[in-house]
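What follows is a short report on a single structure.
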Amino acid sequence: MSNPQKKRNFQIEAFKHKVVVDPKYADKTWKILEHAIHEIYNHNASGLSFEELYRNAYNMVLHKFGEKLYSGLVTTMTAHLKEISKSIEDAQGGLFLEELNRKWNDHNKALQMIRDILMYMDRTFIQSTRKTPVHELGLILWRDNVIYSSKIRGRLLDTLLELVLRERTGEVINRGLMRNIIKMLMDLGSSVYQEEFEQPFLEVSAEFYKGESQKFIECCDCGEYLKKAERRLNEEMERVTQYLDAKSEAKITNVVEKEMIANHMLALVHMENSGLVNMLLDDKYEDLGRMYNLFRRVTNGLSTVRDVMTSHIRDIGKQLVTDPERLKDPVEFVQRLLDEKDKYDKIISSAFNNDKTFQNALNSSFEYFINLNARSPEFISLFVDDKLRKGLKGVSEEDVEVILDKVMMLFRYLQEKDVFEKYYKQHLAKRLLSGKTVSDDAERSLIVKLKTECGYQFTSKLEGMFTDMKTSQDTMQGFYTSHPELGEGPTLTVQVLTTGSWPTQPSVTCNLPAEMSALCEKFRSYYLGTHTGRRLSWQTNMGTADIKATFGKGQKHELNVSTYQMCVLMLFNNSDRLSYKEIEQATEIPASDLKRCLQSLACVKGKNVLRKEPMSKDIGEDDAFFVNDKFASKFYKVKIGTVVAQKESEPEKQETRQRVEEDRKPQIEAAIVRIMKSRRVLDHNNIITEVTKQLQSRFLANPTEIKKRIESLIERDFLERDNVDRKLYRYLA
């Protein structure tokens, strides 16, 4: 076996003899480089060998003459920049910026070449000694010797600001030159741009817009002023895009917004004959949109617009709901409300960007003034009644839905929804019984909407009314099938109504004509024979009749009248003349109904089948009535409506209000019991708050009434007072 080889260590040794550098080497080499820098600045760089120059600079750094090279560069560059500064100072007028721009471009090119030559110094010597790199050094020297020169500094700022002013006053300036100069300031560092231009520019702009806005506010109306402000804002944004630093946009737009909008907000919205209220009244969507877009840029801008709009809507709403003239026609009143809502909805969607806060303000304003009028629930129900009786004839299903949705919107604003329910039920009953509803689908659609809004309890009775109508049809079929002999005489149609589902009417009897009375008795016997344990009471005040009549010259008509009117007209089969007292005695119709009934028979032009003496619009107790032999109509069928008391009279209103208050009592008690059952112990104020909250979807509970209901529940041992704290209640299981 051979022996393993021994490892050898290699070592590189220094030269045995010392390398001596020519003591004048550094000076000679620097002279070459200095000459090259002069040539570069004098535009004679084409004759230079950059490779050789790079090697010279490389060797100087290598031989530890980096400091000499660096300080020589600073001195030479400074000397050149001082000369450049002098030539810029000498430039006259408009040539000043052009000369500055030209020299800046030259300096940048020169700097690029010098940096290439001194690249080795940049990478080694400068990094190790932490000195400023060549390119950065060139910028600093330019800043200190040119831009900060006493004769250039102020002049440069003044020239730039003057150009901006000239552009603002409509002159065309050299934007390219401006862009280059501003970019130069930005290249020198953001602090240079800010101190030498941006800060003074913003101050001068604030002064300019302060003066201009003052001038505009004195001579322009609000719409014109906003156009000018918008134009100025757009101009400043374009100026930034064209030749300023992008970061300046927020600052300069803030200046314009503050001086032209924020400082004049109240003056603008309240400007006489042209402010926000006038814009709203005249539907100036464009101006309103401009105001919204400008005001949203400043603090509290939109809240100022919103507050003025809210105040205006509340004022006009208040006038609308308290003006006695407008309250004369409920349908017109509700239509006005809907028109106002449509108007402001359109303004909010097209001018205010569908802003939710504006929509909320609009809703709260409507809720405020609709509830100022205690009759709003009744009027909204009358509006529905009008639409579903005749107003929706020939209207497409989509449009019907739109109208019903609008009604629901007003319904949501009502605090006393239960009052609306009371009236709606009465009106629906009349429509169903007289067969006057335009569309069953529309009726059911509204009930579905009410059900969605308020729950099953709210609409269960309304749905029961429709069920009764259907059942009644089947009952009548059964009645006539079991009495075939009735085919010849008068025909009877009865609607059997379930007491709980329909609005309660006081049962008023009147004396029916003998032939009708006999027929009614037959129906009673039939109905009670087929249904056990039921009671029938006739509601003659809600019925209608078709009767055939022959007048003086033998002309025949079919009259569509109410049951009361039929009773009156049938009396004239046996008499030519009857006094009011005789009619009242014979029919036993209540006085108020009888007067309305006679009024419609004798005082309505074109429908006056009776005549009265003396002739007047009102019915008196001493009046006498005759058949009007001269009655004529081009129609064979004549409908004689009753003169309707469209709105409730004061006593009727009081009665409805009383019924509503009675209906509320069990609801308040049920709410108290529900709350106390879950909470067991609660103080008085919290009960009031929680009950109000629970019931607000139906009505606004009165704290006094809640207190009375608590007392009633204590008396009936549902609750008890705490022995120590009398305001504390306990639930008794």
Q. Once the principal axes of the Cα atoms of the range 357-463 are found, what is the range along each, listed largest first in whole angstroms?
A. 42, 27, 24
Q: For every helix of n ≥ 4 consecutive DSSP H residues, a contribution of -39,500 (n - 2.57) applies; sum these over the chain, divide by its total residues, and give [θ] at 222 nm rounded to the nearest 500 deg cm²/dmol.
A: -20000 deg cm²/dmol
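I want to verify the translational diffusion coefficient of the range 397-549 in µm²/s; compute it with Stokes-Einstein, Rh as the Kirkwood radius over Cα pairs, at 4 °C and 1.567 mPa s.
Answer, rounded: 73 µm²/s.
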(Q) Can you divide the C-alpha Rg of the range 574-733 by 2.2 N^0.38 Å and report the result to two decimal places? (A) 1.86
Q. So how many Å³ per residue does the convex hull of the Cα atoms of the range 158-281 work out to?
A. 100 Å³
Q: Would you rank K707, K630, K251, K425 by solvent-accessible area, highest first, keeping every protein chain in place and using a 1.4 Å probe?
A: K630, K707, K251, K425
Q: Any lysines with Cα under 18 Å of the K28 Cα? List them, leaving off those in the same chain fewer than 8 positions away.
A: K64, K68
Q. Counting Lys +1, Arg +1, Asp -1, Glu -1, what net charge surrounds G94 among other residues with beta carbon under 12 Å of its beta carbon?
A. -2
Q.
Starting from the Kirkwood Rh over alpha-carbon pairs, what translational D in µm² s⁻¹ does the range 689-731 have by Stokes-Einstein at 37 °C and 0.692 mPa s?
A. 290 µm²/s
Q: Report, by chain and number, residues whose modeled amide H sits under 5 Å from the one on T544, excluding near sequence neighbours (fewer than 5 apart, same chain).
A: T563
Q) How far is it, in nm, from the label point at N293 to the one at D618 when both lie 7 Å from their Cα along the line to the Cβ? A) 6.3 nm
Q. So which lysines can K630 reach, going by Cα to Cα under 22 Å and dropping same-chain residues fewer than 8 places off?
A. K548, K553, K556, K605, K607, K612, K617, K639
Q. With point charges of +1 on the Cβ of Lys and Arg and -1 on the Cβ of Asp and Glu, referenced to the Cα centre of the range 226-365, which listed residue (L327, I316, M237) lies farthest in the positive direction of the dipole?
A. M237
Q: Taking every pair of Cα atoms in the range 651-733, average 1/r, invert it to obtain the Kirkwood radius, and report Rg/Rh to two decimals.
A: 1.02
(Q) For the range 544-602, what does the accessible surface come to per residue with a 1.4 Å probe? Please give it in Å². (A) 48 Å²
Q) How many times 2.2 N^0.38 Å is the alpha carbon radius of gyration of the chain? A) 1.79
Q) How much net charge surrounds S445 when only the other residues with a Cβ under 11 Å from the Cβ of S445 are counted, with Lys and Arg +1 and Asp and Glu -1? A) -3
Q) Helix 703-715 versus the longest principal axis of the chain: what angle, 0 to 90°, nearest 10, using Cα atoms? A) 60 degrees
Q.
Full-extension gain between S349 and T689, please, as 0.36 nm times their residue separation minus the C-alpha to C-alpha distance.
A. 118.8 nm
(Q) Could you compute how fast the range 30-154 diffuses translationally, taking Rh as the Kirkwood radius over C-alpha pairs and applying Stokes-Einstein at 20 °C with viscosity 1.002 mPa s? Give it in µm² per second. (A) 142 µm²/s
(Q) Can you bin every Cα-Cα distance in the range 544-639 into 10 Å intervals starting at zero and give me the percent of pairs per bin, rounded to whole numbers? (A) 16, 56, 27, 2
Q: Could you run the Karplus curve 6.51 cos²θ - 1.76 cosθ + 1.60 with θ = phi - 60° over the range 469-474 and give me ³J(HN,Hα) per residue in whole Hz, x for Gly and Pro?
A: 4, 5, 4, 4, 4, 5
Q.
Between E136 and E98, what's the calculated FRET efficiency when r is the beta-carbon distance and R0 is 41 Å? Round to 0.05.
A. 0.95
**Q.** the chain, relative contact order in percent, only Cα pairs under 8 angstrom and at least six apart counted
**A.** 6 percent
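Within the set of other residues whose C-beta is less than 14 Å from the C-beta of S49, count the net charge using Lys and Arg as +1 and Asp and Glu as -1.
Once positives and negatives cancel, what remains is -3.
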Q. If you stretched the chain out fully between E397 and Q112, how much longer would it get, using 0.36 nm times the residue separation minus the C-alpha to C-alpha distance?
A. 94.7 nm
**Q.** the range 350-394-the range 403-422 distance, computed between alpha-carbon centres (Å)
**A.** 8 Å
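Quick one: work out the % antiparallel among DSSP beta bridges in the chain, nearest 5. Write down the numbers at each step before the final one.
Values: 20 of 23 bridges.
Restricted to the chain, the bridges split so that about 85 percent are antiparallel.
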Q. Restricting attention to the range 341-412, which trypsin sites (Lys or Arg not before Pro) occupy a DSSP loop and are surrounded by at most 14 other Cβ atoms within 10 Å?
A. K393
Q: For S697 paired with M237, estimate the spin-label separation in nm (one decimal), with each label point 7 Å from Cα along the Cα-to-Cβ line.
A: 4.6 nm
Q: Identify all lysines with a Cα-Cα distance to K425 below 17 Å; exclude those on the same chain that are fewer than 8 residues away in sequence.
A: K387, K417, K436, K449, K451, K461, K647, K653
Q) Under 13 Å from the 7 Å Cα→Cβ point of E89, by amide nitrogen: which residues of the range 129-147? A) 145-147
Q: Compute the distance in nm between two label points, each set 7 Å from the Cα along the Cα-to-Cβ direction, one at L281 and one at M408.
A: 3.6 nm
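The values are calculated or read from the model by the stated rules, or taken from the named source; none is laboratory data. None of the values given here were measured: they were computed from a predicted structure. Neighbour counts run over all protein chains shown; Cβ positions are idealised from the backbone, glycine included. Accessible surface is based on the protein model in full, side chains and every heavy atom, while ligands, DNA and RNA are left aside. Shrake-Rupley method; radii C 1.70, N 1.55, O 1.52, S 1.80 Å.
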